[in-house]
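Below you'll find the structure, written out as structure tokens, and then a few comments.
The values are calculated or read from the model by the stated rules, or taken from the named source; none is laboratory data. None of the values given here were measured: they were computed from a predicted structure. Methodologically, a virtual Cβ is constructed for each residue, glycine included, from the backbone with ideal geometry; neighbour enumeration extends over all protein chains shown. Surface areas here come from the heavy atoms of the whole protein model, side chains and all, with no ligands, DNA or RNA. Shrake-Rupley method; radii C 1.70, N 1.55, O 1.52, S 1.80 Å.
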Amino acid sequence: MAFLKNKPPRYAKGFSEAAVYDITTGDLLYWTNKLKTGSTSTSMNDGPIEGSVGNKLLMNIPDTIRLTGTFEAADFSLEARGLQMGSTVQYNAKSMVREKIIATTTTLTVTRTPAPAYGQASDADTYYCYVGNDGVNYGVDPETKEIQGFTATVGQEYCVQYYTNILNAEQLAIPANFSPTVGYMVVKTPMYSENGASAKNSSLAGYLYGFYPRVQFIGGDAGVNGSQTEASTTGLNFTALAYDELTDEVCTDCGNEDSVYGFLTYVPCGGDELSAVSSLSIVGGVIPLAEGATKQIPVFYVMDNGELITPTYTDLQYKVAEEAVATTQTPSADATASVNAEGLITAVAAGSTTITATVTAKPTLTATATVTVTEN
């Protein structure tokens, strides 16, 4: 058995990607390709059991096992902040606008439909507006759009400030009682072949994917941490929930051997997908069959770590010792067995023969097995 032979070094660095999906609908809730720092880590408490004589340590029982993650994206995102609170971004948001109006009469009329200020009842008779910088709050009629209580001078220019709905403006409500989102998260991290000073000085070797079927976001980060010299970033903090693939549910029994927190999958860039295959093997070596019986040829890829992987049978070619029936579904009368393009063996008559399987894309990967057929 070859084990991790010639495994090249890999270095994780550079900007990563992250995507969060709704676990019910599959909708994309958030995506970024600007993760600049991040980590996932596991933790476990050891519960010691001690003997009574001198309190000798007998064993440690692991408990409170956790997988947590913390990432920081270089950009600002309302969607990511919504994940922390269980809130989603809505368009056509209400916002304050400033408008230049030249008075043609003593009454000013705004051009957009006014909206109530945040905290003001939506069915009010008038909404708030300000004219100039005098700080006086005037009313504006939502139907006529006329400013009430202000007398304008004809021909004069005024700056009017009021609320209205803007179609492409985004709004995130901050709930008074946070309820963080539980979603399906995928993190894609570039892996390099060299540990250079920066990603630009290395060759891209592949990508490491972190798949987390159920993560609950934590932190309630809805603020802005920008300054005069530093741009605001976006934090993504989560705790993975134990998940049972068989039931498609969050696993409440964390001792269940079928439950998982997540998966790490490394995918090399380009190259030969068969490069990690050490050999081809037909398990058992001898395949016994009775006349008329069929059996899928038990051929497997033997990976570098000794793992056996079932191939796609049509990716292989099969040949029996009797050349006349090597590629046909209708064997000759004196044939012992036949095999079709999907690797299905059919026992024809009592006797013994050999079947060879070869990987079409890599003919050096080949394996042979003996087929013995007995009379019924």
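Of note:
- Fully extending the segment from Arg98 to Gln156, taken as 0.36 nm per residue of separation minus the present Cα-Cα distance, adds 19.3 nm.
- Structure-based [θ]222 nm, the chain - -39500 (n - 2.57) summed over DSSP H runs of at least 4, per residue, nearest 500: -500 deg cm²/dmol
- For Ser16, neighbours were defined as the other residues whose beta-carbon sits under 11 Å from its Cβ, and their charges (Lys and Arg +1, Asp and Glu -1) total +2.
- Built amide H within the under 5 Å cut-off of Val371, gap 5+: Ile287, Thr353, Thr354, Ile355
- The average projected area of the chain, computed from the convex hull of its Cα atoms over all directions, is 36.9 nm².
- Derived value for region 216-316: Kirkwood hydrodynamic radius 19.6 Å. Basis is the mean of 1/r over every pair of different alpha-carbon atoms.
- Once the 1.4 Å probe is applied to the protein heavy atoms, the chain comes out at 58 Å² accessible per residue.
- Here the peptides 205-217, 133-145 are ranked by packing, the mean other Cβ count within 10 Å, and the order with the highest first is 205-217, 133-145.
- Segment Thr25..Ala231, full-extension length gain: 70.8 nm, with 0.36 nm per residue of separation and the alpha-carbon distance subtracted.
- Links that overshoot a 31 Å alpha carbon limit, given the list Lys7/Lys188; Lys7/Lys34; Lys7/Lys36; Lys34/Lys100; Lys295/Lys362; Lys34/Lys94: Lys34/Lys100
- Accessible area of region 194-312 belonging to carbon and sulfur atoms, whole % at 1.4 Å probe: 50 percent
- When Rg and the Kirkwood radius Rh are both evaluated on Cα atoms of region 183-251, their ratio Rg/Rh stands at 1.12.
- Modelled label reach - Leu264, point 7 Å along Cα→Cβ, region 154-197 residues with backbone N closer than 15 Å: 187-192
- Highest mean first, the peptides 266-274, 123-131 sorted by other C-beta atoms within 10 Å per residue fall in the order 123-131, 266-274.
- Label point at Thr370 placed 7 Å out along Cα→Cβ; residues across region 340-358 whose backbone nitrogen lies under 13 Å: 351-355
- Figure note: Ile102, Ile287 ranked by solvent-accessible area, largest first, 1.4 Å probe, ligands and nucleic acids not counted: Ile102, Ile287.
- Taking all C-alpha pairs of region 69-186, those more than 16 Å from each other amount to 68 percent.
- Environment charge at Gln148 (Cβ cut-off 14 Å; Lys +1, Arg +1, Asp -1, Glu -1): -3
- Only the Cβ atoms of Lys and Arg (+1) and of Asp and Glu (-1) were treated as charged; on that basis the dipole of the chain about its Cα centre amounts to roughly 1140 debye.
- Rounded to the nearest angstrom and listed largest first, the equivalent-ellipsoid semi-axes of region 119-255 from its Cα gyration tensor are 52, 26, 13.
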